[in-house]
Structures are given as C-alpha cells and as structure tokens.
Amino acid sequence: MISGPSDTSDLLNSAERTITHWNSLHGLNRKILINPMHWTRNTLAQAGQRAQDFINEDILFNSDALIAIFKNRFGSDTGKYPSGTLEEIEESIKLGKQTMVFFSDEDVPRSLSGSSDLNQVEDFKRKYLGYYKTYLSQDDFRDKLRDQIDLWINKLETIGDKYFELKKENNPAEVLDYLITLDQINRNNGQIQYFKTSQGDTISIGDKNRFDQFSNRVEFAKMKSRIQELVETGLLEQISENLYSLTNKSYEILKENIV
C-alpha cells in the first residue's frame, strides 16, 4: 500500500513508477510481483462506517507492506487519528507489516513555514519510534525507495529458508510439526483464524483443526506460539485482527517439502 497526504501526489506517482519498473526487471525471474495499491483506486465506494475503515479493510489489511510518504502536510483527521496516513502507519505496525516511512528534507516554501500541518509532521518525525528515510528531491526519493524495495524483497526471500534450515539442524521433529501446520492451513484456503470468546481463545484451521484455551491449554499454547513464530519469520501474515494467511514463501516451502 502507498500512502501520503494530498501534497505528495507527485511522489505517490513516482512510487508507482518505481515499483512497476522493479516488476519489469525482477518480477519474472524472482517470481514476485509487487502490486502498488492506493485508496483512490483500490477502495470500493460504500457507506455505513468511517471512510478510513473501508480503506483499512480494502487495502491496508490485505497488503504486505506500507510505503508512507510525508512532505509538508500531515493529512486529514479520521476520527481516530489526526491523519489518515498516520492511522495507516500505526495500524500497519500493529499488524506486524513492513512499514517504510519517508520524510522530506526539501526546502519548505515560505508560505508553509511554521504552519500547523508542518509542525505536526515535524512533531511526528521526532516522536517516530523506528527507522525512517529522508529525501531531498523526487529523484532522491525514487532511488531510496528502490533500495528499500530491494532490501525488503531480499529479506522475504531469505528469512523462511534460514529459519527452516536452522530448525532442521536442531530439531527435525519440530520442523515436521511446522510443515504439517502450514499444510493444514494450505488445505483450508490458506488461512487460519484466531477467535476471542467469553470461555477463552480459539485457533481454527478450517472445521477439523481447532485448538481452544478452554479444553486443551497445552495444545492451544503450542499452536499460539507456532503462529507467532511463523509470522515473525515471514511465513504467515496477519491480514486482520483475527485472520492470518500463508505468504508466497510458505507456498514455496510447501512445494519443496510436502508431496
């Protein structure tokens, strides 16, 4: 997902062109296609809740990463956050998604110097708990985004392999358990659900594989830990508060290890 306040439209377009160029150079050989999504194009017009809720549900929750860009404006209040871009950043971090934030180091027009918007951007930049990138021009932004994309894809391609190689060396039986879990998820639309109920939490992989806190705390705890480890190693991604999905890396590992 690509995100930014109204004054970043030129950079949003630059980000899309950069991603399209990356796809044309690397997509086929590396079997990865990055789909740049933005609310103006990928959110269905609908009613009944906050507009930002629809954006989150249609795009953010279904994205693998967020590219958030700030220039001199902070954005519009969403009812929960003072900026839509800020809400997308915070929700992306909560969901454990790759979150890349860019701030401008360009000269500020005199008319905007000291403005409320600019002060909010600078305040968020000072308080941001994470590593961000700055850019001096549109070309500089393009180059730095391209580098970040390469680093991110490299991480996705290696983390799952390294994880399973380490497990194979130290605990082959545990590797089998994890492969069985991935295979179970794959056979149930590639998704696993986590429910919170009054009687305790329940993890469900389809109808046949259910682990609940109430009847079997030990098995539930094992499965909960397994899900967390699969998320941390890039083999599962959280697409909403209660729903997890297999990643492309998971499908590759299943293809190599499951007959």
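Bear in mind these aren't lab numbers, they're just calculated from the coordinates by the rules spelled out. For clarity, every value in this text was computed on a predicted model and none was experimentally measured. So basically every Cβ, Gly included, is an ideal-geometry build from the backbone, and we count neighbours across all protein chains shown.
Principal axis extents of the Cα atoms in region 38-84, from largest to smallest and rounded to whole angstrom, are 30, 25, 17.
The three principal axes of the Cα atoms in region 16-104 give end-to-end lengths of 44, 32, 23 Å, sorted in falling order.
Convex hull volume of the Cα atoms in region 70-150, per residue, in Å³?
So the per-residue hull volume is 96 Å³.
Kirkwood radius for region 2-156, taken over all pairs of different Cα atoms as the inverse mean of 1/r, rounds to 16.3 Å. Across the alpha-carbon atoms of the chain, the computed radius of gyration and Dmax are 20.6, 65 angstrom. Listed by Cβ neighbour count within 10 Å, with the fewest neighbours leading, 73, 142, 50 appear as 50, 142, 73.
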